[in-house]
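Below is one structure, written out as structure tokens, with a few remarks after it.
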Amino acid sequence: YSGGVRVMVDKLYDLTAARTRYAKSLRLAMNGQSSASRLLDVLQPYRIDEGGCPVRIEYHNGDAKCELALGDKWCVALHDGLLEGLNGWLSRDNVLVEF
């Protein structure tokens, strides 16, 4: 012991792994002009089988509003590339990582 501060670490995560592990959900607001096929194309490269973040969709159009939870097979890793792609398509106000 040198008299300095010591840190004991059980697990160490990079930013993507920490976001994915501790996020409650990825919430996306979409309207009637949004494309489901484009959403699948954006999410596909970031899907992970185990330990991913659930995706929830808030869908609204002029007549109705609902919230949909995508199935377990559509849980994602919260990489910067995914968030940037979603923010560029849906706008920052419509993409929220909930903790």
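The values are calculated or read from the model by the stated rules, or taken from the named source; none is laboratory data. In this text the structure is predicted, and so the values were computed from the model without any measurement. Note that each Cβ is placed from the backbone with ideal geometry, even for glycine, and that neighbours are counted across all protein chains shown. Note: areas computed on protein heavy atoms with side chains; ligands, DNA, RNA excluded. Shrake-Rupley method; radii C 1.70, N 1.55, O 1.52, S 1.80 Å.
List of remarks:
- Among the protein heavy atoms of the chain, carbon and sulfur supply 49% of the accessible surface, probe 1.4 Å, non-protein parts ignored.
- FRET efficiency, Tyr59 to Tyr22 (Cβ-Cβ, R0 22 Å, nearest 0.05): 0.25
- 10 Å Cβ shell holding at most 15 others, DSSP loop, trypsin sites (Lys or Arg not before Pro): longest site-free stretch of the chain: 25-99
- Cα→Cβ-extended label distance, 7 Å offset, between Asp41 and Glu98, nm: 2.8 nm
- Across all directions, the shadow cast by the convex hull of region 14-65 built on its C-alpha atoms averages 4.3 square nanometres.
- Entry for mean projected area of the Cα convex hull in nm² (calculated from the structure that is shown) out of [x] 15.1; [y] 8.3; [z] 7.7: [y]
- Looking at region 1-79, the chymotrypsin sites (Phe, Trp or Tyr not before Pro) that sit in a DSSP loop and have at most 15 other Cβ atoms within 10 Å of their own Cβ are Tyr1, Tyr13.
- Per residue, the chain exposes 71 Å² of accessible surface when a 1.4 Å probe is rolled over the protein heavy atoms with every protein chain present.
- Helix-only mean residue ellipticity at 222 nm for the chain, each DSSP H run of n ≥ 4 adding -39500 (n - 2.57), per residue, nearest 500: -7500 deg cm²/dmol
- DSSP bridge pairs, the chain: antiparallel proportion in percent, nearest 5: 65 percent
- Electrostatic bookkeeping for Gly85 treats Lys and Arg as +1 and Asp and Glu as -1; over the other residues with beta carbon under 11 Å from its beta carbon, the sum is -2.
- Over 17 Å [Cα-Cα, region 42-86], rounded percent: 39 percent
- Span-like helix ranges in the chain, DSSP H, alpha carbon extent 24 angstrom or more, Kyte mean at least 0.0: none
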